[in-house]
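Structure, as structure tokens:
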């Protein structure tokens, strides 16, 4: 009886140790804004604003002199995409002087902003409608592959 009790406590200890390890293990990752996935440098040798998008959809703009310090980057807004943003571009300005911008994500989502990246509006998908993902029923699969199913009677 004494050996069974000792075995039980050892087994319970090993189980609880494995459970604690399983529940507590996490990957060590940085808690930054995400990786830069899209950049729109406005170019030129003057002080110009640039747009940067991260993998989390955050959009930053910065004004800096390319020959001076790195400048100041400000969080402008967030692109509501389900996939990483792969392209961001300024496309002009509105009558109030704010820049228009467009962005595309890896899934083909198209987004626009009329206030230099502060608010983003989804405008559709460049690939059209999403692909339907309905599953065939078991009866449909059997009817499709059963010998003689394609013959007209």
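Coordinate-derived values only; no laboratory data. Note that the structure is a prediction, hence the values are computed from the model and not measured. Quick reminder, even Gly has a Cβ in these numbers, built from the backbone with ideal geometry, and neighbours come from all protein chains shown.
The ranking of 9, 111 from fewest to most other beta carbons within 10 Å of each one's beta carbon is 9, 111. Sorting 114, 81 by the number of Cβ atoms found within 10 Å of their own Cβ, with the fewest placed first, yields 114, 81. For 40, 73, the sequence from fewest to most other C-beta atoms within 10 Å is 73, 40.
Note on residue 72 and residue 35: with the Förster distance fixed at 30 Å, the Cβ-Cβ geometry gives a FRET efficiency of about 0.90.
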